[in-house]
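Presented below is the structure to which this report refers.
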Amino acid sequence: MAERPEDLNLPNAVITRIIKEALPDGVNISKEARSAISRAASVFVLYATSCANNFAMKGKRKTLNASDVLSAMEEMEFQRFITPLKEALEAYRREQKGKKEASEQKKKDKDKKTDSEEQDKSRDEDNDEDEERLEEEEQNEDEEVDN
Amino acid sequence: MADVVVGRDKCGEQRLVSLPLSRIRVIMKSSPEVSSINQEALVLTAKATELFVQYLATYSYRHGSGKEKKALTYNDLSNTAEESETFQFLADILPKKILASKYLKMLKEKREDEEENDDNDESDDEAES
């Protein structure tokens, strides 16, 4: 939670890097201009949140979601952000999906490694599943006893 | 489980958002009417803020005075807030700077104007000549 007013500031180093990347090389950005942009960014977040919240309330939802933020951008006349934001959302969803699959794959690989040394390859998967189930049951029992 | 947040990848690869999501969340939550925010809304708001910083900087630079000097100044930003409708909401936090001496002069002129009006009310000779 925001306990001190500086908790509402964004990190100067990151803001400066974003500005520098946006402007042509060699442009000098005064210290005052940097802190002004940083403040403006915080106000932008609040403004966007408030707009998005209005859309959530209209939809009788308590949680802000991606479409509320996109609607807010339109309302704030930042339509130019909508296409890049949608692309970012797609990328984010792909990344989340990828991570989920990767962790599942990792788990599978690990199980296979321990088994394949001694077991028939064709029956690997069935055994894997059975063993997993057994392990889970055992763990559950343990937990129950502990509690 | 989404325990690894996008903005915090340890390897130096291209990240989706460079602003810290935790900080963006704190700012969003500081608005009293907001109860909860889902992760996608948070990522989008962080990304939008980045786009906003880029846009505000490039817009102010292009419309600003420092192009020949290759500089972006506070005045360029406050001009943007004053002149562009989209950036109007920033006018309160990016006020026009004015020299103290100029401000005092303005105050004095205002006072003189008022006094002059008072004078005119009393004796109309100058006003009607």
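See the values below:
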quantity	calculated
Test: residue in segment A:33-52 that is closer than 19 Å to residue B:60 by Cβ and among the charged types (D, E, K, R)	yes
Candidate set: segment A:40-54, residues that are free of Cβ contacts under 8 Å to residues at least 24 places away in the same chain and under 19 Å from residue B:78 (Cβ atoms); chosen: the one most open to solvent (accessible area, probe 1.4 Å)	A:43
Per-region count, segment B:52-92, residues crowded, with 16+ Cβ neighbours inside 10 Å and touching a strand residue (DSSP E or B) at 6+ places or on another chain (Cβ under 8 Å)	7
Those residues of segment A:72-96 which are within 20 Å of residue A:46 (Cα to Cα) and either of a type in the set (Phe, Trp, Tyr) or facing chain B (nearest Cβ under 7 Å) (or both), in sequence order	A:73, A:77, A:78, A:81, A:85
When residues of segment A:55-109 are limited to those that are surrounded by 13 or more Cβ atoms within 10 Å (Cβ to Cβ) and either touching a residue at least 40 places away in the same chain (Cβ under 8 Å) or in contact with a strand residue (DSSP E or B) (Cβ under 6 Å, 6 or more places away or on another chain) (or both), the one farthest from residue B:37 (Cα to Cα)	A:56
Of the criteria (1) modelled with pLDDT of 95 or more; (2) of a type outside the set (Lys, Arg); (3) surrounded by fewer than 23 Cβ atoms within 10 Å (Cβ to Cβ), which one residue B:41 fails	(3)
Of all residues in segment A:1-25 being more than 9 Å from chain B (Cβ to nearest Cβ) and open to solvent by less than 100 Å² (accessible area, probe 1.4 Å), the one that is farthest from residue B:25 (Cα to Cα)	A:16
One residue from B:85, B:115, B:126, B:122 being modelled with pLDDT of 90 or more and either of a type in the set (D, E, K, R) or more than 33 Å from the chain's Cα centre (by Cα) (or both)	B:85
Scope segment B:31-57; condition more than 22 Å from the chain's Cα centre (by Cα), outside any helix (DSSP H, G or I), at the interface with another protein chain (Cβ under 7 Å from one of its Cβ atoms) and of a type outside the set (Val, Ile, Thr); matching residues	B:33, B:35, B:36, B:38
Filter result for residue A:28 (at the interface with chain B (Cβ under 7 Å from one of its Cβ atoms) and of a type outside the set (Phe, Trp, Tyr))	yes
Residue in segment A:49-71 that is more than 9 Å from chain B (Cβ to nearest Cβ) and within 22 Å of residue B:16 (Cβ to Cβ) present	yes
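The values are calculated or read from the model by the stated rules, or taken from the named source; none is laboratory data. Please read these numbers as outputs of a predicted model, since none were measured by experiment. Here Cβ is always computed from backbone atoms with ideal geometry, including for glycine, and neighbour counts include all displayed protein chains. For accessibility, only protein heavy atoms count, side chains too; no ligands or nucleic acids. Shrake-Rupley method; radii C 1.70, N 1.55, O 1.52, S 1.80 Å.
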